[in-house]
Structures are given as C-alpha cells and as structure tokens.
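*Asks:* Provided herewith is a single structure, encoded as structure tokens, for subsequent inquiry.
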Amino acid sequence: MRRALLLLPLLLSIPSDGRTAPGDATRWSPLGHRLIATLAEDQLTARTAERARDLLGGLSLPDVAAWADSIRPTHPTTAPWHYVNVPIGDPGYDAARHCPAPPGCVTWAISHFSSVLADASAPRAERAVALRYLVHFVGDLHQPLHAGDDHDRGGNDVRVTFLGRRMNLHSLWDRALIESRGLRESEWIALLRARREFLPLDSIRAGTVEEWTSESHARARQSAYDLPADRVLPATYATSRTSLLEEVLIRGGVRLAHLLNVALDPDPRRPGQQGPE
C-alpha cells in the first residue's frame, strides 16, 4: 500500500505522450542522460528491450531519460532520490550514515525501483514509473557530484569560472563539461560506442549499487574537487577529464542495462550481454 501511495501522484504526472516535459536546466544535462540511456539500449537482451518498450508505451529509454527531473518542481519529495551527500573526506558510502530513510537517496532509490520493476505481480503502472526512475537515477549516480560533497551541496555552493563563464561546480559537471566538447548527440554516441569496445564490461557490471556509489564518490574527491585556489579553471581542467567523462557515461549505460536485464529478463540462462560490446 505504501508503494502505491508513493507512486500514484507520479503516475498522474506523466505527460499524455509519455515524453519528458521541460525541466530545470541546472541538473545533469538531458544530453548526458540520453547518452547513458542510448548506450544502455545497446546492451539489452531482446526480451528486456521488448518488455521495457511495452512498459513505456512504445517509447525508448532516451525518450524518458530526463523525466524524473521534469517532475521535481511539482514533486519536491522526490528530490533526495537524485543524489547522496557523501563527504569527500569519508572513505566511501555507508547507508546508515549517508542515506537516511525516509527520505532516502539515489542509492536507495535505484535499489528500491529495481525491486518494483522486477516484481511481476506489481501493477503495470507502478513498474512503468519504476523503469522511468531507474533510467534517470542510474545516470545521476554516475555524475560524481551527485555522490560527493564538501559541505557545499555537492558543489552547488562553489563558484568557478570556466571558459570565461561563471557557474557553480555542480553545473560544470552537470552540463558544461559535456557541452564544451562541441559534439552532436550522434557524434557522442559513436565515440562512446567505440571506446566501450576496449573496456572490461563484465567488471563494470559487477558489484553492488552501494559499491558503485563509493566509486562515484571517489571520482568526486579525486577529480571534481581538484580546483585551483582562485577557482578560475584552465581549459586543461576539461581536457584532463575527457577520459573520465567518457568512462562515467559508458559505465552508467552498462550498469543501467545490467539492472534492467536482471529485472525484466531474469532467466538464469540469460547471457549477461546480448548487445554489441
């Protein structure tokens, strides 16, 4: 019953065509979420792909990738599900310390909605909302500043200058680093698919959501918060993080596909991967 009450307002908020409504431009760019969702679709089994598209009314994963951001203004209680504030001085994620329930956090939300999606006895509408959330939250988890914090709301309170523009550190990682590459979506996808060929995908799929959270937290500590004293970032701040940015997008796609395959195609004989490597 609690789950149904939790999801009912969200069911009513889905646009009539199922696609994402305009959202808050300060969150990880719709492009970042679409890239992860597209990479995930590559990795779905045939059965998972069919069931996911059915739950989404014929839409693709990229079509709904930013939906969870678009409903935040009207559903503020969902806001804590997009991040987890793990101080950069902490060794890693600890649920008892970093993810109070309620309201929960992104790590809790991924585990929770994975369970809802995998429950074949759950109402179809609840599973559809769970799928939409998973597509988004796995993307959020892989943005390092959705898992790392220096008592600054994940970098939101840190002002930096990048390529002559003033912004906060969180927005830099949400949008500016992706946009600074100047690539179209199709160019990004081609680049990421090519690089994915050389990554250890079985190793990336392995582990728990909690371990993935600690990994993202470590990336925030090691890369995002490595700032000059004057907070004026040279162009090399972006170029030196090119490989990291590509890898977190790929990891998000691989792991999202893994979670969806486990939830929607749970046959133990199912190969771990049926899409292109």
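*Asks:* When you check ASP152 against the structure, is it crowded, with 20+ Cβ neighbours inside 10 Å and charged (D, E, K, R), yes or no? Can you show your working first?
*Replies:* Working: crowded, with 20+ Cβ neighbours inside 10 Å: no; charged (D, E, K, R): yes.
Here the answer is no, as ASP152 does not meet what is asked.
*Asks:* Cβ-Cβ distance below 9 Å, separation of 6 or more or different chains: which pairs start in segment 195-209 with a residue that is under 14 Å from HIS142 (Cα atoms) and end on one that is open to solvent by 50 Å² or more (accessible area, probe 1.4 Å) and part of a helix (DSSP H, G or I)?
*Replies:* Between residues of segment 195-209 that are under 14 Å from HIS142 (Cα atoms) and residues that are open to solvent by 50 Å² or more (accessible area, probe 1.4 Å) and part of a helix (DSSP H, G or I), the close pairs are ILE204/HIS258; ARG205/HIS258; VAL209/TRP108.
*Asks:* Then there is this: GLY164 is checked against (1) out of contact with any His (no Cβ under 7 Å at 6 or more places or on another chain); (2) surrounded by 13 or more Cβ atoms within 10 Å (Cβ to Cβ) and fails just one. What number does that condition carry?
*Replies:* The failed condition is (2).
*Asks:* When you look at ASP150, is it of a type in the set (Asp, Glu) and farther than 18 Å from GLY92 by Cβ, yes or no? Write out each step before concluding.
*Replies:* Details: of a type in the set (Asp, Glu): yes; farther than 18 Å from GLY92 by Cβ: no.
Criteria not met by ASP150.
*Asks:* Using the structure shown, decide if HIS146 is in contact (Cβ under 8 Å) with a residue 40 or more places away in the chain and under 19 Å from ALA66 (Cβ atoms). Break it down stepwise before answering.
*Replies:* Details: in contact (Cβ under 8 Å) with a residue 40 or more places away in the chain: yes; under 19 Å from ALA66 (Cβ atoms): yes.
Criteria met by HIS146.
*Asks:* So, in segment 215-267, exactly how many residues are without any contact (Cβ under 8 Å) to a residue 40 or more places away in the chain, of a type in the set (Ser, Thr, Tyr) and in a helix (DSSP H, G or I)?
*Replies:* Counting residues in segment 215-267 that are without any contact (Cβ under 8 Å) to a residue 40 or more places away in the chain, of a type in the set (Ser, Thr, Tyr) and in a helix (DSSP H, G or I) gives 3.
*Asks:* Against the condition part of a helix (DSSP H, G or I) and modelled with pLDDT of 95 or more, how does PRO91 come out, does it pass?
*Replies:* Working: part of a helix (DSSP H, G or I): no; modelled with pLDDT of 95 or more: yes.
No; evaluated as a whole, the condition is false for this residue.
Residue-by-condition table, conditions (1) surrounded by fewer than 19 Cβ atoms within 10 Å (Cβ to Cβ); (2) assigned to a helix (DSSP H, G or I); (3) among the charged types (D, E, K, R):
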site: ALA125; (1), (2), (3): yes, yes, no
site: ALA128; (1), (2), (3): no, yes, no
site: SER171; (1), (2), (3): no, yes, no
site: ASP174; (1), (2), (3): no, yes, yes
site: GLU187; (1), (2), (3): yes, yes, yes
site: ALA190; (1), (2), (3): yes, yes, no
site: ARG195; (1), (2), (3): yes, yes, yes
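*Asks:* Let me ask something else. Out of segment 1-30, which residues are more than 26 Å from ASP119 (Cβ to Cβ) and either open to solvent by 80 Å² or more (accessible area, probe 1.4 Å) or at pLDDT 95 or above (or both)? Before the answer, list the steps.
*Replies:* Our first condition is that a residue be more than 26 Å from ASP119 (Cβ to Cβ); within segment 1-30, this holds for 16-17, 21-30.
Across segment 1-30, the qualifying residues are SER16, ASP17, PRO22.
*Asks:* Could you list, in sequence order, the residues of segment 74-97 that are closer than 23 Å to SER223 by Cα and open to solvent by 20 Å² or more (accessible area, probe 1.4 Å)? First the steps, then the outcome.
*Replies:* Taking segment 74-97 and keeping what is closer than 23 Å to SER223 by Cα, we get 82-94.
Across segment 74-97, the qualifying residues are TYR83, ASN85, PRO87, ILE88, GLY89, ASP90, PRO91, TYR93, ASP94.
The values are calculated or read from the model by the stated rules, or taken from the named source; none is laboratory data. Here the structure is a predicted model, which means the values were calculated and not measured. Ideal geometry is used to build each Cβ from the backbone, glycine not excepted, and the neighbour counts take in all protein chains shown. Remember, those area values only see protein heavy atoms, side chains included, never the ligands or the DNA or RNA. Shrake-Rupley method; radii C 1.70, N 1.55, O 1.52, S 1.80 Å.
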